[in-house]
1. I need the full set of residues from segment 165-182 which are outside any helix (DSSP H, G or I) and farther than 19 Å from Leu194 by Cβ, in order please.
2. Picking from Arg137, Arg99, Arg118, which residue would you name as being under 21 Å from Ala199 (Cα atoms), in the same structural domain as Pro195 (by TED's automatic domain parsing) and of a type in the set (Lys, Arg)?
3. Could you list, in sequence order, the residues of segment 150-186 that are charged (D, E, K, R) and more than 20 Å from Lys64 (Cα to Cα)?
4. Restricting the search to segment 223-233, which residues are crowded, with 22+ Cβ neighbours inside 10 Å and of a type outside the set (Ser, Thr, Tyr)?
5. Scan segment 98-125 for residues that are among the β-branched types (Val, Ile, Thr) and surrounded by 18 or more Cβ atoms within 10 Å (Cβ to Cβ) and jot them down.
6. Please find, within segment 222-261, the residue that is farthest from Thr432 (Cα to Cα) out of those that are over 21 Å from the mean Cα position of the chain (by Cα) and of a type in the set (Val, Ile, Thr).
7. Which condition number in (1) touching a Ser or Thr at 6+ places or on another chain (Cβ under 8 Å); (2) within 16 Å of the ligand (Cβ to nearest atom); (3) at pLDDT 95 or above is the one that Thr228 fails?
Amino acid sequence: MKLTNFVNGQWQEAAEETRFTPVINPASGKELAHVQMSSAEDVDRAVAAAKTAQKSWAKVPAPKRASYLYEIGRIMKERKEQLAQTLTKEMGKVIEEGRGEVQEGIDMAFYMAGEGRRLFGETTPSELADKFAMSVRAPIGVVGLITPWNFPVAIATWKSFPAIVAGNSFIWKPATETPMMACEMGRIFKEAGLPDGVANIVFGAGSEVGTAMIEHPDIKVISFTGSTETGRKVAEAGGRNLKKISLEMGGKNAVIVMEDADLELAVEGILWSAFGTAGQRCTACSRVIVHKDVKEELQKRLLTKMGGLTIGDGLDESVKIGPVINQKALEKIHSYIEIGKQEGASLLAGGEILRGGHYDGGNYYAPTLFSDVDASMRIAREEIFGPVISIIEIDSFEAAIEVNNSVIYGLSSSIYTRDVNRAFKAQRDLDTGIIYINAGTTGAEIHLPFGGTKGTGNGHRDSGVAALDVFTEWKSVYVDFSGKLQRAQIDNEI
Ligand code: UN1
């Protein structure tokens, strides 16, 4: 199967000589398809189509634009199982999570469709008599979306659906590891009757397609989710070109377990947020900050439960942890084991690449637990993006907050405590963009802003109403019906 670009409502091969890259099932190493690698010329073609389409799309009333999203959501719902199966095959997450991710996309479709009848601005008094003042959201034009492989559908919907409802057209560069989901979405856009050129998909490398998008004068916004290293380059180049750049990057998320916590609940939350998606969520828990009084007990319970986690092909309903995305990821995760040991941490479980039997051909990593980790160690500061947790002991609430806030990232954090005062202090003092009380670090809901502080982002948010801020421009409109010259700030001494 050859996967080609979706431009102006047509599936089309690259302008230059056609290059393809294999798409590999991370659970088996088997080839699933070949995806086209495009060039700057393909970006040009897509932008030209998107620019033309956007002119008329912007004039379509927002509730009508939303009706396409309702239809997209309906088709996704009808096809939920098939989409989830495809997702698990190319990305590796277990099927239950695949279904959950598709559901996240469906929810986003209906939620953003509702925005077609809101897209609220403000009406406000004028400082002058017989004058009316309001602000409205206006579409920006052609926007660029760059999405990662770990949430091939959900993250794409967080970005493309608000872009659509707000009256923009877009060029979407999905990760080359997960192009099959992008093709599914392209087909759904087409079937839902979305006008040609509003949604365009261009496959290829970040260095070629991504760079061409960032440099393109007609792309006004880049919404990027990926590594901090790449995000920084996107921001630098985008800044030079005066683009609006929305970045969603790494995390080093922690679960804090205080001495008064419901330990069983904390164990469940840690396992789910650390080992779900094989630890490959930006929101994954990779640090457990635990009070010294309950450390031994928590550790013991975690180790027992970790031993019972089944690892394998995510299509098998009994499997709890799937493979990691590719060989490179496997090597990166594994390299942190040596780093942790050298730094003096105690490796209590895992720390190995799984081979033999049903693991052959796939990229499987054993759920790993480091204890006696100091907050200054690299394993406690750097994003590993795999099934590895580090246990850090603290002796007070204040110390827990300090350790949580000491990393360069600021995506998600969590605290388990039965003390309501502490819980409220924590939501005030934890410096991340997402905070959970008595729940793990994953599972953000689509109608709230998603994003982080410090090295995780640059002030923008995905999903929620906040996403509309990325894809709209504010217009302030004044209507003077006094019939005379009125001078603001001069004729209005109050
Ligand atoms: C991500 O890891 O990039 O909150 C997104 C969650 C999911 C989305 C994660 N709803 O874990």
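The values are calculated or read from the model by the stated rules, or taken from the named source; none is laboratory data. Here the structure is a predicted model, which means the values were calculated and not measured. Every residue, glycine as well, gets a Cβ built from its backbone with ideal geometry; the counts of neighbours run over all protein chains shown. What goes into the accessible areas is simple: the full protein's heavy atoms, side chains included, and nothing from ligands, DNA or RNA. Shrake-Rupley method; radii C 1.70, N 1.55, O 1.52, S 1.80 Å.
1. The first filter runs over segment 165-182 and keeps only residues outside any helix (DSSP H, G or I), leaving 166-178.
Result: Ala175, Thr176, Glu177, Thr178.
2. Details: Arg99 fails: under 21 Å from Ala199 (Cα atoms); Arg118 fails: under 21 Å from Ala199 (Cα atoms).
After ruling out the rest, the residue left standing is Arg137.
3. Of all residues in segment 150-186, those charged (D, E, K, R) come to 159, 173, 177, 184.
Within segment 150-186, Lys173, Glu177, Glu184 qualify.
4. Our first condition is that a residue be crowded, with 22+ Cβ neighbours inside 10 Å; within segment 223-233, this holds for 223-226, 231.
Correct list: Phe224, Gly226, Gly231.
5. Step one: of segment 98-125, the residues among the β-branched types (Val, Ile, Thr) are 102, 106, 123-124.
Within segment 98-125, Val102, Ile106 qualify.
6. Val257
7. (3)
For every residue, the table says whether it meets (1) of a type in the set (Gly, Ala, Ser); (2) under 28 Å from the mean Cα position of the chain (by Cα); (3) closer than 30 Å to Met258 by Cβ.
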{"residue": "Ser318", "(1), (2), (3)": "yes, yes, no"}
{"residue": "Ile325", "(1), (2), (3)": "no, yes, no"}
{"residue": "Gly340", "(1), (2), (3)": "yes, yes, yes"}
{"residue": "Gly362", "(1), (2), (3)": "yes, yes, no"}
{"residue": "Gly386", "(1), (2), (3)": "yes, yes, yes"}
{"residue": "Ser406", "(1), (2), (3)": "yes, yes, yes"}
{"residue": "Ser413", "(1), (2), (3)": "yes, yes, yes"}
{"residue": "Val420", "(1), (2), (3)": "no, no, yes"}
